[in-house]
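The values are calculated or read from the model by the stated rules, or taken from the named source; none is laboratory data. This is a predicted model, so every value here is computed, not measured. Using ideal geometry, Cβ is built from the backbone for each residue, glycine included, and neighbour counts are taken over all protein chains shown. Note: accessible area is taken over every heavy atom of the protein model, side chains too, but ligands, DNA and RNA are not part of it. Shrake-Rupley method; radii C 1.70, N 1.55, O 1.52, S 1.80 Å.
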Amino acid sequence: MKLLLTSLTLAMLIFTGCSQKNPDVDMTAKNGNNNATQMETDKKADDLTGMDTANGTSNDMNTNNNNVETAMNDANAVAEAIAALERDINKIYFDFDQYSIRPDMEAKIKSNARLLNSMNAQDLSIKVEGNCDEWGTDEYNYALGLKRAKSVKEALVSFGVDKGRIMIVSYGESNPVCSESNKACWDKNRRAEFKLLP
Amino acid sequence: MIKKILILVALVSSIFAYDATVEIVKKMDRLPKIAIQDASIGSVDQNFRKKFVKILIGDLRVSSHFNVVDEYLTSSYDGNLDENFMSNLKLDLILRFNMSFEEDGTVIAQVRLLNAKTGQIDSEKVYKISKQNRYPFLAHKIAVELNDKIGAPKIDWMEQFVIFSKYTEKKKSEIIISDYTLSFQKVIVKGGLNIFPKWANRAQNAFYYTSYNGKKPTLYKVDVRTGTRTKILVGDGMLVCSDVSQDGTKLLVTMAPDDQADIFVYDIKSKSLEKVTSYSGIDVNGGFIDHDSRIVFVSDRLGYPNIFAQEIGSKSVEQMVYHGRNNNSVSAFDNYIVYSSREKSSEFGAKTFNLYLISTKTDYIRQLTATGKNLYPRFANDAETIMFIKQYENQSALGIIRLKANKSYHFPLKVGKIQSIDW
């Protein structure tokens, strides 16, 4: 049998090359022929013990959301005013793989700037959210979404909105408004949106 | 005799001349043929045993080091003349197991390896795992040790945990720990948007991830043994931990403190940030190379996403890839760089994103995939195995490429879309 295994070993080496670049992982000791040896693979079972007891890692967000919700309930009027403003703000759309402002979007940003500097909105903070379509790797898309939000922020500032009121964030491809796989849908997803905060 | 020596020299040369960027199109030798026999007693759930056999057969196939019989076979544990030789199948090896459960649910697999030419027992071993749903790791362990036994190149990566994030709905995702086949899955972070999980060390007992659930994107570290979570960094705009240094003390993060996404090195001990790239466009997806002294990354500094390298502390940037017009994701190991490239300049081509492998030592480019959207490639802890995300026909799958065997395998996710992966 040893002969067979040795020849198989040689065959393997010739066949696959002899690259042994892998790091040593805690392999259990090899056992001799015909010697029954007990070994444990419980490492893989116990490695996640914390996750079992914790039943998943929870997030602050739920708590924060609840807080926000409570606060908003206390200030319905402000919330309604914000909702009304947000309905009137134009979404800004982008070309495929681009983050420069399209000529047809400049008037929309100007109109947004006017609205954001109006009496009803001038005391509110502005969050610009950059979004992408489903194409590409998500890590790049988060950066692309951020550049889109930044372009919009800079355009708003050039139209007179106070820079200090604006924060930007990217959602990559995580926040689509349309989930079909066609051009019209991807066009809708490549966008910057606006959220107003008291 | 001289002829024999020459043949031997030629073989040895071919071994050391191996280049992963060169596609292997022809098999050079015969793989050992192996069959798996289930010798468990009838009272043990047969569906469970069949699932176990399926994973074990899959492991041996994915290893590319065995010619495995794709059939569910049964036998007695001690075997008889037919069962110990199975001469009609012309086997080299038989792997026989007897599965049972202890009262506390521990799964026990008594495993015997037979030489199918002589009918002799080569070795025997008992494997145990204390939680039944983690049985895929039991199969992977057996496959890894069998592979070692025949002296084939290591496949230890099969035992690594995979960690990935999957979108479940708008602005919602979960982080899951799984095995490489997705047969075992455990949701470990849920609620809100949780993305870019990254193992914190080789032992895989902690990981980083970005939470989008507070006011600003926040990087957390989670200890999987205790479940405790520690806040590491808070960033404006975006925050991704793209890579962890070999010793686990430094992170490569993409963040945008001035609205501008750049790559930084974050020192865990000193809690200091060092800016590595500074370009007014996009710099993202940093990966340590050359013993953590340099990085590869994706940048649009030529007007389209492409792969570059830069020494940490230096301003000089080197273009690494001269192929493709949209190379938007990269992973490096030793001299090898794997990247994802969009095939056409518009988004409407039939071909979409393919993976390519290059060596920094040669000019060769090897195409690794041919259909679908193949994204987010990541080397295992060796230069021969790459994991990636495959999207096809609205399904999201985890892909594995075995470079030397020139084969790839896909393990589809039933629900949701894979956002990012690490292992």
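In the set B:343, B:384, which member is outside the structural domain of residue B:64 (by TED's automatic domain parsing) and touching a Pro at 6+ places or on another chain (Cβ under 9 Å)?
B:384
Of the numbered conditions (1) under 22 Å from residue A:135 (Cα atoms); (2) away from every other protein chain (no Cβ under 13 Å); (3) assigned to a strand (DSSP E or B), residue B:295 satisfies every one except a single condition; which is it?
Result: residue B:295 passes all but (1).
Give segment B:248-276 a look and list any residue that's more than 30 Å from residue A:154 (Cα to Cα) and free of Cβ contacts under 8 Å to residues at least 12 places away in the same chain, or say none. Can you show your working first?
So in segment B:248-276, the residues more than 30 Å from residue A:154 (Cα to Cα) come out as B:248-251, B:267-271.
Selection gives B:270, B:271.
So which of B:228, B:254 is within 11 Å of another protein chain (Cβ to nearest Cβ), open to solvent by 10 Å² or more (accessible area, probe 1.4 Å) and under 26 Å from residue B:213 (Cα atoms)?
On the way: B:254 fails: open to solvent by 10 Å² or more (accessible area, probe 1.4 Å).
One residue alone meets the criteria, B:228.
Of the numbered conditions (1) at pLDDT 95 or above; (2) open to solvent by less than 10 Å² (accessible area, probe 1.4 Å); (3) not in a strand (DSSP E or B), residue B:269 satisfies every one except a single condition; which is it?
(2)
For the subset of segment B:390-401 comprising residues that are over 10 Å from the mean Cα position of the chain (by Cα) and assigned to a strand (DSSP E or B), which member is nearest to the other protein chains (Cβ to nearest Cβ)? Can you show your working first?
In the first step, residues of segment B:390-401 are kept if they are over 10 Å from the mean Cα position of the chain (by Cα); the result is B:390-397.
If we keep only those that are assigned to a strand (DSSP E or B) as well, we get B:390-392, B:395-397.
On the way: B:390: 12, B:391: 8, B:392: 11, B:395: 12, B:396: 11, B:397: 15 Å.
The selected residue is B:391.
Suppose we filter B:77, B:135 for residues that are open to solvent by 30 Å² or more (accessible area, probe 1.4 Å) and among the hydroxyl-bearing types (Ser, Thr, Tyr); which single one remains?
Working: B:135 fails: open to solvent by 30 Å² or more (accessible area, probe 1.4 Å).
None of the other options fit; the residue is B:77.
Has segment B:96-108 got at least one residue that is over 26 Å from residue B:423 (Cβ atoms), among the aromatic types (Phe, Trp, Tyr), touching a residue at least 24 places away in the same chain (Cβ under 8 Å) and open to solvent by less than 40 Å² (accessible area, probe 1.4 Å)?
Going through segment B:96-108, the residues over 26 Å from residue B:423 (Cβ atoms) turn out to be B:96-106, B:108.
Next, from what is left, pick out any that are among the aromatic types (Phe, Trp, Tyr): B:97, B:101.
This time we only want the ones that are touching a residue at least 24 places away in the same chain (Cβ under 8 Å), so: B:97, B:101.
Next cut, open to solvent by less than 40 Å² (accessible area, probe 1.4 Å) only: B:97.
Yes.
Across segment B:312-334, what is the number of residues that are within 14 Å of chain A (Cβ to nearest Cβ) and polar (S, T, N, Q)?
Residues meeting the conditions: 5.
If the requirement is being under 23 Å from the mean Cα position of the chain (by Cα), within 11 Å of chain A (Cβ to nearest Cβ) and under 30 Å from residue A:154 (Cβ atoms), which of these qualifies: B:196, B:207? Step through it out loud before you land on a result.
Details: B:207 fails: under 30 Å from residue A:154 (Cβ atoms).
Of the residues listed, the single one that is under 23 Å from the mean Cα position of the chain (by Cα), within 11 Å of chain A (Cβ to nearest Cβ) and under 30 Å from residue A:154 (Cβ atoms) is B:196.
Given the structure, is residue B:196 among the aromatic types (Phe, Trp, Tyr), touching a Cys at 6+ places or on another chain (Cβ under 7 Å) and open to solvent by less than 40 Å² (accessible area, probe 1.4 Å)? Let's see the steps before the verdict.
On the way: among the aromatic types (Phe, Trp, Tyr): yes; touching a Cys at 6+ places or on another chain (Cβ under 7 Å): yes; open to solvent by less than 40 Å² (accessible area, probe 1.4 Å): yes.
Yes: the conditions hold for residue B:196.
Inspect segment B:39-62 for any residue being buried (at least 19 other Cβ atoms within 10 Å of the Cβ) and farther than 29 Å from residue B:400 by Cα and give the result as yes or no.
yes
Quick check on segment B:316-338. Is at least one of its residues within 26 Å of residue B:63 (Cβ to Cβ), without any contact (Cβ under 8 Å) to a residue 60 or more places away in the chain, part of a strand (DSSP E or B) and open to solvent by less than 10 Å² (accessible area, probe 1.4 Å)?
Within segment B:316-338, the first condition is being within 26 Å of residue B:63 (Cβ to Cβ), and the residues that meet it are B:331-338.
Those still in the list that are without any contact (Cβ under 8 Å) to a residue 60 or more places away in the chain too: B:331-335, B:337-338.
Those left that are additionally part of a strand (DSSP E or B): B:331-333, B:337-338.
The next check asks that each one be open to solvent by less than 10 Å² (accessible area, probe 1.4 Å); those that pass are B:337-338.
Yes, because at least one residue in segment B:316-338 is within 26 Å of residue B:63 (Cβ to Cβ), without any contact (Cβ under 8 Å) to a residue 60 or more places away in the chain, part of a strand (DSSP E or B) and open to solvent by less than 10 Å² (accessible area, probe 1.4 Å).
Could you identify the single residue in B:142, B:129, B:155 that is of a type outside the set (Lys, Arg), over 26 Å from residue B:78 (Cβ atoms), facing chain A (nearest Cβ under 10 Å) and buried (at least 23 other Cβ atoms within 10 Å of the Cβ)? Give the steps one after another, and end with the answer.
Details: B:142 fails: over 26 Å from residue B:78 (Cβ atoms); B:129 fails: over 26 Å from residue B:78 (Cβ atoms).
On inspection, the qualifying residue turns out to be B:155.
Residue B:222 - would you say it is in contact with a Lys or Arg (Cβ under 8 Å, 6 or more places away or on another chain), within 7 Å of another protein chain (Cβ to nearest Cβ) and open to solvent by less than 40 Å² (accessible area, probe 1.4 Å)?
Details: in contact with a Lys or Arg (Cβ under 8 Å, 6 or more places away or on another chain): yes; within 7 Å of another protein chain (Cβ to nearest Cβ): yes; open to solvent by less than 40 Å² (accessible area, probe 1.4 Å): yes.
Yes.
Out of the residues in segment B:109-131 meeting the condition of being free of Cβ contacts under 8 Å to residues at least 60 places away in the same chain, of a type outside the set (D, E, K, R) and not in a strand (DSSP E or B), tell me which one is farthest from residue B:31 (Cα to Cα).
B:130
Residues A:177, A:161, A:157: which one is in contact with a Lys or Arg (Cβ under 7 Å, 6 or more places away or on another chain), more than 10 Å from every other protein chain (Cβ to nearest Cβ), closer than 27 Å to residue B:215 by Cβ and without any contact (Cβ under 8 Å) to a residue 60 or more places away in the chain?
On the way: A:177 fails: more than 10 Å from every other protein chain (Cβ to nearest Cβ); A:161 fails: in contact with a Lys or Arg (Cβ under 7 Å, 6 or more places away or on another chain).
Result of the check over A:177, A:161, A:157: A:157.
Any residue in segment B:172-185 that is at pLDDT 95 or above, open to solvent by 10 Å² or more (accessible area, probe 1.4 Å) and at the interface with chain A (Cβ under 7 Å from one of its Cβ atoms)?
No, because not a single residue in segment B:172-185 is at pLDDT 95 or above, open to solvent by 10 Å² or more (accessible area, probe 1.4 Å) and at the interface with chain A (Cβ under 7 Å from one of its Cβ atoms).
Can you tell me how many residues within segment B:282-311 are out of contact with any Phe, Trp or Tyr (no Cβ under 9 Å at 6 or more places or on another chain) and closer than 22 Å to residue B:257 by Cα?
Qualifying residue count, segment B:282-311: 2.
Within segment B:139-151, is even one residue closer than 26 Å to residue B:226 by Cβ, in contact (Cβ under 8 Å) with a residue 40 or more places away in the chain and either in a helix (DSSP H, G or I) or not assigned by TED's automatic domain parsing to the domain that holds residue B:94 (or both)?
Yes, because at least one residue in segment B:139-151 is closer than 26 Å to residue B:226 by Cβ, in contact (Cβ under 8 Å) with a residue 40 or more places away in the chain and either in a helix (DSSP H, G or I) or not assigned by TED's automatic domain parsing to the domain that holds residue B:94 (or both).
Considering each of B:374, B:381 in turn, give the residue that is open to solvent by less than 30 Å² (accessible area, probe 1.4 Å) and within 13 Å of chain A (Cβ to nearest Cβ). Before the answer, list the steps.
Working: B:381 fails: open to solvent by less than 30 Å² (accessible area, probe 1.4 Å).
Among B:374, B:381, only B:374 is open to solvent by less than 30 Å² (accessible area, probe 1.4 Å) and within 13 Å of chain A (Cβ to nearest Cβ).
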